[in-house]
Amino acid sequence: MPETSLIEAHGLGRNYPMRQGLLGRQKDVWAVRDVSLNMVRGESVGVVGESGCGKSTLGRMMMGLEDPSIGSVRFDGRDIAGLRGAERRRLARRMQMVFQDPFGSLDPRRSVGAQIADGLRIHKIVPAREIADETTRLIEQVGLSSAAMTRRPHEFSGGQRQRIAVARALATRPDFIVADEPISALDVSIQAQVVNLLIDLRRDLDLAILFISHDLHIVRHFCDRIVVMYLGRIVEEGPAEQVFGTPAHPYTRALLAATPSLHPRPDATGDRILSGELPSPSNPPSGCAFRKRCPIAEPACAKAVPPLEAVEGGWRAACIKAGPRPAPDETKEKGRP
Amino acid sequence: MTRAQRKLILPATLAALVVAVIVLAPVLPLPDVRSMDVPNRFAGPSATHWLGQDEFGRDVLARLIWGGRASLFIAVGSALAAAVIGTVLGLLGGYFRGLVEFVTVRAAEVILCLPPLLLALLVVTILGAGTWPLILALTILYTPIYARVVYSATLQVRSLDYVTAQKAMGAYPLRILATTVLPNVMPPLLVQISLVVASAMLIESGLSFLGLGVVPPTPSWGLMIQAARGSMEVAPMLLLWPSLALAGTILTFNFLCDRLQTALDPRGITAGGALWLRGGGSRGAVPRSARRAAAPKQDTLLEVEGMSIAAQNAGTSLELVRRVSVTVRRGETVALVGESGSGKSITGLALTGLLPDALSITGGDVRFVARDGEEIDLGALDEAGFRRIRSGEISMVFQDAAASLNPVLRIGEQVAEALRAHGGARGRDVDARVVELLRQVGLPDPERRARAYPHELSGGQRQRAMIAVAVANNPRLLIADEPTTALDPTIQAQILELFRSLKKATPDMGLIFITHDLAVVAEIADRVTVMYAGEVVEDGPADEVFAHPHHPYTAALLASVPEGGTDRLVAIPGTVPLPDAMPEGCRFAPRCSHARDVCRTGSPPTSHPTPERRTRCVRWKEIA
Amino acid sequence: MIRYVAIRSLTAIFLVWVVVTLVFMLLHLVPGDPAELLLSQGSIAADPAAVAALRERMGLNDPIWQQYLDHLGGVVTGDFGASFRDGAPVAEQIATRLPRTLEIIIAAAVIAAAAGIPVGTYAAIRAGGRVDGFVNFLASAAMSTPVFVVGSVVILLFAQQLRILPAGGYVPFSVDPVQHLKLLLMPAGTVALALWAVIVRMSRGAVLEVLQRDYVRTARAKGLGRGPILRRHVVRTALIPVLTVLGLEMGTLIGGTVLVEYVFNWPGLSGYLVAAVDARDYPEVVGIVMTISVIFVFLNLAVDLVNALLDPRISLVRR
């Protein structure tokens, strides 16, 4: 990679102890396991997977909001777990977060301006007398009028609140933003507004964005690189075009096939539908966690967790039968007259 | 000022009045509370003694007002002291959790293991009677209650994203607690304070009554009642006045607390209850006025024409759905698609008579053709009438299966209920049919799942169980309200497949599929009805509508789904208008890039580009 | 489930231990000599000889850990020593008086539940209406009136004006069942009134909340009638919090019937406690406080377990 990494996660794992049975045999439940991920400045990485796959926990660990059980996160070359006090705070300025629920992410009792200005005050981004001007600039940057400053969050719609949340994140002039399902609570017609805003900001401010979502269409549209997670592990990672165009892992293919499309295949049959449900993280199958639902599983899959191996340069998959195959979408396009 | 806030005025004024009289006792022109007048003992009301004289000839009114001072001072003093200590403990415990929680909240809660009056007695045993020991005892007593209330409120607030955002910002914990958490836990705290004042007065007066509280000759209501008991037969009024004063004051504070609670609780049930549960109405037969013989078209199942739904509240009416028309034929799947606020869900609820109490159908024609060929006017049905056709004729699947299944009943029982309600199967037949239904909806191991509780199933399995309940009596029309929205993609695909297989098994069943997801519509629907801001804007066969939308809203929605791979998504500017601020003319005009002046004046008429299609855009020809 | 019961039982035992220790600490670690504190009356200093004698009797000259073990041992064996006042064994007194107090509480709980749950449910169904407003006011008034006020007024009315019930006192059931029940009626009714108010408000709130739940809508969508929906879906679920509150309130009452027993001259446990507190009879106070606390803690445990039986979700909640 030509550029040095801005943020670098290495072998991240997060476990939660859980007791089972009367005598309390302690057991570790891994929400995230053995995840390594590098991001360079200005890069957008999409993390996709179904609920319970660990994508939100990964995002919180990358932000330093949750400490990894094992592994490390390095930001600009420094391990964030080892930092405390003022140094930790200095780093906090450079990483910000945008949340899913536009109604829970803003304090209902404080004005929008005050909440955006928080970051400016805490990190003394601008001198005290310029705070009002800077807040105005931020609000206008996300496409709202400066009159919004004195109003409370409940006076805004979901999409506007999400813009305010973005303005608050931008206040500290971060280099890295974790966006955890930032549009999934919004209406379709509003989603596009917020996505376009994020695309513009990323380009203008050279932001690195970790975009967590279950919406494959949006991720494909927004991100340079895609990480697909299943039961706490990365199963496939690579450039968006490759991962979604010719997915190498059967789970990625299944996910793409399951995602409803405006142009459904005429030969809609049951065989593209994955059977079963996500196994319990407290009792995952041996070997590959996906094997029990996998259409191409074989006995060897039960032996060991398949390592994440290169399919091509910068494109990796964790499957012993990994290989690029046309995505279901592509076959469909060809199948159409 | 909201209604709930206006309702606060009365109790707040009352409480202020009581407090004012008691606080102002020293400056009021009252006789000395201790000056005795033994010859005039038990004298009735007079010009100088408005409420008469007690067993020592002392003025009753003066003693009443001064007696309140002790009660109020002790009650308010301990309520506030406990509030401060309890809030600090609760905030720290709730925010930091772990060890801090143990030494603050959990430690304070040990006190709750002692019955309250007992604890007060214990403190009085050690410290003796008197005002200050009482305040101390009550403070100890109420601190854990506050700690618990603030603790649980803090737990709730701290998990909210705006607190996480402050943490991510690098704010100091104490700053977060003071500026963000504390203001947000204030509502339950305020309620608790007024509740504790009332409760503290109860305990104080009780202890004083027993002679363990306020020490004579300081007047106190409890002591006055105690003294009056001795002379109850001679002067019953002496018992009545302090009793009234005490109960009235406590009632005032309880009243204040109740109103505070409704004013501060955003979910407050203002006009609650359940109209459908109240008596009256017919005995379950479909009224004759609602029946008609001939069906208009052979295979029509449901025909909604110009239906409006409004929220009625204190004389004002707010129209949420305006002149909606939907048609469902036998065996057809119609998707009702729209964003939040489009009115698609209430349209669905209206068809089964399940509208919330505040809403009602205010106009239009809703005709449903029943199994026996008769036509029923759904708009004319009452609860009992709807009951007859629910499940067997029209059935419904809801979005949130976890909430829509009763958590304390087994899955099998919930399915069996639906079967029994219509008297189809009896006894062991029911069990067999339940298992058969669960198998039909694809639940693995249906015999065992029938005995499971909803929380023991996964989200997808719960939705399958919900569907089993809905199709138990082979409905002619199934309404599914966002049945896959809360599910993951692979599970959503499974449930959509289940709907397809159900349709294959019962080819005559009509299906209304309510969703916001255009891609889901494309997967499942024969026809699509697009709703925007309470109106139908476009309607027609799904593939035709998707290929050539005739309404700019439909076109914009389709373009905002990022499947094309264009560099930039087509965003619709602005937001959906609120029901109380609907624009004149076409409701989409303010956000529409094709809008002209004509769009902003009159409501656009319905046009029929082809016999099968409808659009409510005046410019559909130009933009096609 | 077994695990849940085990954990909750252990917690209860732990809490009893904490309470026992707390009471010990309260009486021993308060600044000053407990014997002197107990004998002194206000500002009058106690007689040194009497203090010394009392110290000996209370075992205050023993090392503190010895005292603590004695205290614990007393609780475990139920031997609280002899009263200072008359030398009678405290445990015996408790054994005679506790059932009388429990009798009032149980009678009151039965009356309150039987009269409160239907009224609360009806008020909820008619929420916002006139009946609801009236019931609400009645419950608020009942909650706001102290028991000793109700008790005094009831005596004034039924015993002194109407003369249909005895003003107070106690006759064992075995001696005169009719008189016993007559005497029970007023104290139990007085306690029941306060409890009724709590039950009405609680069941009204619980029913209102359940009525808003989605599964009630599902039950309607199934085509169930009003009766089955109310019985199986609404009241059944709403009862869970109501029974919890009833149980907890009963626990509170074990120490809280003091005033009622006093007003109606009912020789129960609580009246005994007040007398003991008044006389600062240390063994008596400790004995009664311990008994009540233990019952209180185990009653709470019972409430939790019943809850877990009624609501299948609870035993899964990790604590």
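The values are calculated or read from the model by the stated rules, or taken from the named source; none is laboratory data. As the structure is a computational prediction, the values presented were derived from the model and not from experiment. Reconstructed Cβ throughout: ideal geometry from the backbone, glycine too, with neighbour counts over all protein chains shown. All accessible areas refer to the heavy atoms of the entire protein, side chains included, with ligands and DNA or RNA removed. Shrake-Rupley method; radii C 1.70, N 1.55, O 1.52, S 1.80 Å.
What is the residue count in region B:436-452 for residues that are surrounded by fewer than 17 Cβ atoms within 10 Å (Cβ to Cβ), without any contact (Cβ under 8 Å) to a residue 40 or more places away in the chain and either not charged (D, E, K, R) or not in a helix (DSSP H, G or I) (or both)?
The total comes to 2.
Within region C:137-150, is even one residue more than 12 Å from chain B (Cβ to nearest Cβ) and open to solvent by 20 Å² or more (accessible area, probe 1.4 Å)?
No, that holds for no residue.
Looking for something crowded, with 17+ Cβ neighbours inside 10 Å, among the basic types (Lys, Arg) and not in a helix (DSSP H, G or I) - is there at least one such residue anywhere in region C:86-103?
no
For region A:61-76: of the residues being free of Cβ contacts under 8 Å to residues at least 60 places away in the same chain and in contact with an Asp or Glu (Cβ under 9 Å, 6 or more places away or on another chain), which is surrounded by the fewest Cβ atoms within 10 Å (Cβ to Cβ)?
Across region A:61-76, the extreme among qualifying residues is A:Ile70.
Does region B:158-180 hold any residues that are within 9 Å of chain A (Cβ to nearest Cβ) and in a helix (DSSP H, G or I), and which are they?
B:Asp161, B:Tyr162, B:Val163, B:Thr164, B:Ala165, B:Gln166, B:Lys167, B:Ala168, B:Met169, B:Arg175, B:Thr179, B:Thr180
Residues in region B:231-248 that are farther than 24 Å from B:Arg69 by Cα, at the interface with another protein chain (Cβ under 8 Å from one of its Cβ atoms) and either hydroxyl-bearing (Ser, Thr, Tyr) or open to solvent by less than 50 Å² (accessible area, probe 1.4 Å) (or both): how many?
1
Quick test of your reading of the structure: C:Ala194 fulfils all but one of (1) outside any helix (DSSP H, G or I); (2) buried (at least 22 other Cβ atoms within 10 Å of the Cβ). Name the failing condition by number.
(1)
Which pairs turn up if I take residues in region B:172-198 that are of a type in the set (S, T, N, Q) and look for partners that are open to solvent by 60 Å² or more (accessible area, probe 1.4 Å) with beta carbon separation below 7 Å, at least 6 apart in sequence or on another chain?
From region B:172-198, the pairs are B:Asn184/A:Arg109.
This table checks each residue for (1) at negative phi; (2) open to solvent by 20 Å² or more (accessible area, probe 1.4 Å); (3) part of a loop (DSSP other than H, G, I, E, B); (4) not assigned by TED's automatic domain parsing to the domain that holds B:Phe499.
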{"position": "B:Thr327", "(1), (2), (3), (4)": "yes, yes, no, yes"}
{"position": "B:Leu349", "(1), (2), (3), (4)": "yes, no, no, no"}
{"position": "B:Gly373", "(1), (2), (3), (4)": "no, yes, yes, no"}
{"position": "B:Ile376", "(1), (2), (3), (4)": "yes, no, no, no"}
{"position": "B:Ala402", "(1), (2), (3), (4)": "yes, yes, no, yes"}
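If you go through region B:458-515 one residue at a time, how many are surrounded by fewer than 22 Cβ atoms within 10 Å (Cβ to Cβ), closer than 20 Å to B:Gln414 by Cα and within 9 Å of chain A (Cβ to nearest Cβ)?
Total meeting the criteria: 2.
Determine, yes or no, whether B:Ala555 is open to solvent by 20 Å² or more (accessible area, probe 1.4 Å) and either touching a Cys at 6+ places or on another chain (Cβ under 7 Å) or within 12 Å of another protein chain (Cβ to nearest Cβ) (or both).
The answer is yes for B:Ala555.
Yes/no per residue for (1) touching a residue at least 40 places away in the same chain (Cβ under 8 Å); (2) within 12 Å of chain B (Cβ to nearest Cβ); (3) surrounded by fewer than 22 Cβ atoms within 10 Å (Cβ to Cβ):
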residue: C:Pro177; (1), (2), (3): no, no, yes
residue: C:Val207; (1), (2), (3): yes, yes, no
residue: C:Arg220; (1), (2), (3): no, yes, no
residue: C:Arg236; (1), (2), (3): no, yes, yes
residue: C:Ile240; (1), (2), (3): yes, yes, yes
residue: C:Gly251; (1), (2), (3): yes, yes, no
residue: C:Ala275; (1), (2), (3): no, yes, yes
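How do the pairs read when you match residues in region A:221-242 that are away from chain B (no Cβ under 14 Å) with residues anywhere that are surrounded by fewer than 24 Cβ atoms within 10 Å (Cβ to Cβ) and aromatic (Phe, Trp, Tyr), using Cβ under 8 Å and keeping only pairs 6 or more apart or on different chains?
A:Gly232/A:Trp30; A:Glu237/A:Trp315; A:Gly238/A:Trp315; A:Pro239/A:Trp315; A:Gln242/A:Trp315
Among the residues in region B:135-151, are any within 12 Å of chain A (Cβ to nearest Cβ), touching a residue at least 24 places away in the same chain (Cβ under 8 Å) and either under 33 Å from the mean Cα position of the chain (by Cα) or within 18 Å of A:Ala92 (Cβ to Cβ) (or both)?
No.
Among (1) surrounded by 19 or more Cβ atoms within 10 Å (Cβ to Cβ); (2) within 30 Å of A:Phe244 (Cβ to Cβ); (3) in contact with a helix residue (DSSP H, G or I) (Cβ under 6 Å, 6 or more places away or on another chain), which single condition is B:Glu563 missing?
For B:Glu563, the exception is condition (1).
Taking the stated definitions as given, is B:Ala421 under 24 Å from B:Met509 (Cα atoms), among the hydrophobic types (A, V, I, L, M, F, W, C), surrounded by fewer than 23 Cβ atoms within 10 Å (Cβ to Cβ) and facing chain C (nearest Cβ under 8 Å)?
Answer is yes for this residue.
Among residues belonging to region C:259-278 that are modelled with pLDDT of 85 or more, assigned to a helix (DSSP H, G or I) and not hydrophobic (A, V, I, L, M, F, W, C), point out the one that is farthest from C:Ala188 (Cα to Cα).
Across region C:259-278, the extreme among qualifying residues is C:Tyr262.
Please indicate, with yes or no, whether at least one residue in region C:280-302 is more than 18 Å from the chain's Cα centre (by Cα), facing another protein chain (nearest Cβ under 7 Å), closer than 23 Å to B:Leu141 by Cα and open to solvent by 10 Å² or more (accessible area, probe 1.4 Å).
yes
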